[in-house]
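A short worksheet on the structure shown next.
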Amino acid sequence: METDLRQPPKRRPRTWIWKGTLAVALAYGALQVLVRTDVFRSQVEEELSRLAGMEVRIGRMRATESLNLKIRDAIGISDVAGIEARVARVRWRLFRPRGTPMLESVRVDGLALTIAPDDAGALQPAFLGRLSRNVFAWTGLPVPAELAAAPDAEAVPARPDGPARSLEEWLGGPLVLQNVSVRWQDAQGLLRASVSGMDVVWTPLTTPKGRRVSHLDCRAAEIKVVNGPRIADLRLELVAVEDQRFLVTLQAADWGGAEPPPAPGAEARELLDAMDVPLDVRP
């Protein structure tokens, strides 16, 4: 009796490489097609609407070569406020630890915002309410009455089915806004203040112990308050740790008749200087 000692033919490595390459190519093509579908578009629009506290619609959207998103002509739909973004580039990740944001970074070029209170008195877009008040407080400008009376975004539901999400929950990496113009209007639609030529870089991070830290760098060509001062070439730098905010830099080329605010840390330096004075010469 004869025994067949022949071994079954081994599959060549080239076959596996070819099949793996084909699978990757098919997955890549499927993701490119998925981004252009109405289902994916509606999910992105819903997430943006939750953040803004108002309905947001996208003109065109596609995936880049690295499968990140490029959005053109995004607009906010509201009777009182407005959002117009020319180009937005979004880096996102599908596979991520539970509880971490899907978005890694967002960069927007050409952004026009109109911020105004709605019928309930809440500012739209909602996520800019607190920041708007802080801009006036940091620069020492008079806060428009409608802006000062509007409730915080965190206290106002962005949609009937859930609360507003904070920016940290929505975005895990840097937010870069270039060539931004902002208009603050009252409930009657009258202009109260405006900013032009503004660039903003906001970078958040989470420490190993879970504490949230963020850095804000803002530059504005002009800030104008109706019947108030006009500030030129403003530079603002801020660091936030949890709910505490520390002003690092606040300067301008021209304060436009407004009284320049004290330098950051001036009160702390005065206190330290007083502590250095000998007891026998203190008043």
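Each reported figure results from applying straightforward, stated rules to the coordinates on display, with no laboratory input. Because the structure is predicted, anything quoted here is derived from the model rather than measured. All Cβ positions, glycine included, derive from the backbone under ideal geometry; neighbour counts span all protein chains shown.
Below is a table of values for the structure above.
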item	result
Segment THR207-VAL239, extension gain: residue separation times 0.36 nm, minus the distance between their alpha carbons	10.1 nm
Between the range 232-262 and the range 28-71, the Cα center-to-center distance that results, in Å	36
Difference of contour (0.36 nm per residue) and Cα-Cα distance, SER196 to ARG230	11.1 nm
Label-point separation in nm, THR64 to ARG93, each point 7 Å along Cα→Cβ	1.6
Length gained when the stretch GLN178-SER105 is fully extended (0.36 nm per residue, less Cα-Cα span)	24.9 nm
Residues in the range 65-87 that a label on THR21 would reach, taking backbone N under 20 Å of a point 7 Å out along Cα→Cβ	66
Other-chain or far-sequence residues with amide H under 5 Å of GLY256's (modelled H)	ALA232
Order of PHE136, PHE40 - criterion: other Cβ atoms within 10 Å of each residue's Cβ, fewest first	PHE40, PHE136
